[in-house]
Amino acid sequence: MSIVDTLDAGFAALDAAGLRRQRRRVDRRKGVEIHVDGRPVLNFCSNDYLGLADHPALVEAAIEGAKRWGVGSGAAHLVSGHFAPHEAAEQALARFVGCEAALLFSTGYMVNAGVLSALVGRGDAIFADKLNHASLVDGALLTRADLRRYPHCDMAALERLLEQSTAARKLIVTDSVFSMDGDLAPLRELLALAERYDTWLMIDDAHGFGVLGPQGRGALASLGMAAERILLVGTLGKAAGVAGAFVAGSARVVEWLMQKTRTYLFTTGAPPLLAHCLLIALELIADGDTRREQLRANIARLRAGVAGRFQLAASATAIQPLIVGRNELAVTLANKLFDQGIWVPAIRPPTVPEGTARLRVSLSAAHEPAQVDTLVAALLQHAP
């Protein structure tokens, strides 16, 4: 068997375990009503939590930005790819989340894959929640630091690891809202430990930015937290409805990251038109209390509707996992929903632990109550 032919054995193993993934093609969309593979469906997959991704103001901003700045940036930020909209967006983001400075990246994965290595390396230590996003895991491994993963949100276990560590530099890293469970990290307790043991604290607020806190300013703002040792990461393709990501913090740590983060230094800057759109998106987020209220109502409506029929995770966020256990059952349920015109993804290992396959419902302010009711009725019809 040639090395190429071994792929067929790998595909067969994925199929047998119910782990082979497939893409679906989105042909067009109008809010949460989309056409996928030629048929209309209700979208309960998207991270567009405020329904801004096709907002007319952002569409117009994209057109205006393209006319003024073109499409591509043409170079890395530190060469000639840093445009006035990038600068304005970084300043606006920093103000919005209550930090001194911010740095834009093309994707959230690039932030998490690069920033950790700018702060720690060989001989240092990273302490990471076991349910952190894959990008944080990969970023930690790239540092070559000693990686210690503590049980999910277990502060006593984390403190024991911190006490035992003799590393020269330490960094605690966590999601704010965990992407597969939808629960919240104990950020106040994490900051207290970071201060007690003199560590950096990096918080990935991908699913909190735009949703949590006053005016959607994020997880830190929701708790009134601030400290120079905190690095806040936010993604801009979820509640903000645009694309890209940022890291924010004190002016001197952001300057250091600009000098040392390889995923920033050695890549072409994001299109300036997206930064131009982001300025409008921040205004929409700040004025979006009505949208956030609708999102919270949709969350409550779903949970009340399926309570007692599905195992619900302890989530008060837009991410609502319905845990079913077996991989094949999750896939079967997702396919039955799709046949009824409802798109909910089946999430399986390695994304989640073995035995915890689930339907992952992502709710949006754009969902009408009747659309949530349609989802609930279909779920109850097929409840295991």
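Relative contact order for the range 40-119: what is it in percent, counting Cα pairs under 8 Å that are at least 6 residues apart? Don't skip to the answer; put the middle values down first.
Numbers: 22 pairs, mean separation 8.9, N = 80.
Computed value for the range 40-119: 11 percent relative contact order.
For the range 180-312, just say rounded, prolate or oblate: build the C-alpha gyration tensor, square-root its eigenvalues into a ≥ b ≥ c, call rounded for a/c under 1.5, and beyond that prolate if a/b exceeds b/c, oblate if not. Please report the intermediate quantities before stating the final value.
Details: a/c = 2.06, a/b = 1.31, b/c = 1.57.
In terms of gyration-tensor shape, oblate.
Order the peptides 71-82, 17-28 from the highest to the lowest mean number of other Cβ atoms within 10 Å of their residues.
Result, highest mean first: 71-82, 17-28.
What helices does the chain have that are whole DSSP H segments, at least 15 Å long along their own axis by Cα, and with mean Kyte-Doolittle hydropathy of 0.5 or more?
Details: long enough: 6-16 (16 Å, 0.86); 56-69 (19 Å, 0.10); 84-97 (20 Å, 0.00); 108-119 (17 Å, 1.26); 272-286 (22 Å, 2.09); 289-306 (26 Å, -0.88); 327-339 (18 Å, 0.26); 369-381 (18 Å, 0.95).
In the chain, the long hydrophobic H runs are 6-16, 108-119, 272-286, 369-381.
Do the sum for the chain: with -39,500 (n - 2.57) for every DSSP H run of n ≥ 4, divided by all residues, what is the mean residue ellipticity at 222 nm, to the nearest 500 deg cm²/dmol?
Working: 14 runs with 159 residues, N = 384.
Rounded to the nearest 500, it is -12500 deg cm²/dmol.
Choose one answer from Gln294, Gln259, Gln371: the residue with the largest mean-square fluctuation in a GNM of the chain with alpha-carbon springs under 10 Å.
Gln259
With +1 on the Cβ of every Lys and Arg and -1 on the Cβ of every Asp and Glu, and nothing else charged, how large is the dipole of the range 56-286 about its Cα centre, in debye rounded to the nearest 20? Please list the in-between numbers first.
Values: 19 positive and 23 negative charges, 94 e Å.
Magnitude of the dipole: close to 460 debye.
Which trypsin sites (Lys or Arg not before Pro) in the range 257-317 pass both tests, a DSSP loop state and at most 14 other beta-carbon atoms within 10 Å?
Working: sites: Lys260, Arg262, Arg291, Arg292, Arg296, Arg301, Arg303, Arg309; in loops: Arg309.
Sparse-neighbourhood loop trypsin sites (Lys or Arg not before Pro): Arg309.
Among Ile126, Trp69, Val59, which residue has its Cα furthest toward the positive end of the charge dipole of the range 49-134, with +1 on Lys/Arg Cβ and -1 on Asp/Glu Cβ?
Comparing the listed Cα positions along the dipole, Ile126 ranks first.
Once label points are set 7 Å from the Cα along Cα→Cβ at both Leu265 and Ser165, what is their separation, rounded to one decimal in nm?
Taking the two extended label points, one gets 2.4 nm.
Any idea which of Pro85, Gly241, Pro214 is furthest toward the positive side of the dipole for the range 56-286, if Lys and Arg beta-carbons carry +1 and Asp and Glu beta-carbons -1?
Value: Pro85.
In whole percent, what relative contact order does the chain give with Cα contacts below 8 Å and a gap of six or more residues?
Details: 761 pairs, mean separation 88.1, N = 384.
Normalised by residue count, the contact order of the chain is 23 percent.
What length, rounded to one decimal in nm, is gained on full extension from Ala316 through to Met1, with 0.36 nm per residue of separation minus their alpha-carbon distance?
Details: separation 315, 0.36 × 315 = 113.40 nm, distance 5.06 nm.
Stretched fully, the Ala316-Met1 segment lengthens by 108.3 nm.
Once a ≥ b ≥ c are taken as the square roots of the eigenvalues of the Cα gyration tensor of the chain, is the result rounded (a/c under 1.5), prolate (a/b larger than b/c) or oblate (a/b not larger than b/c)?
On the way: a/c = 1.45, a/b = 1.19, b/c = 1.22.
In terms of gyration-tensor shape, rounded.
Please work out the Cα center distance from the range 1-80 to the range 147-218, rounded to the nearest Å.
29
Taken together, the values in this text are just the output of simple stated rules run on the coordinates, not laboratory data. Since we're looking at a predicted model, the values are computed, not measured. Cβ: placed from backbone, ideal geometry, glycine included. Neighbour counts: every protein chain shown.
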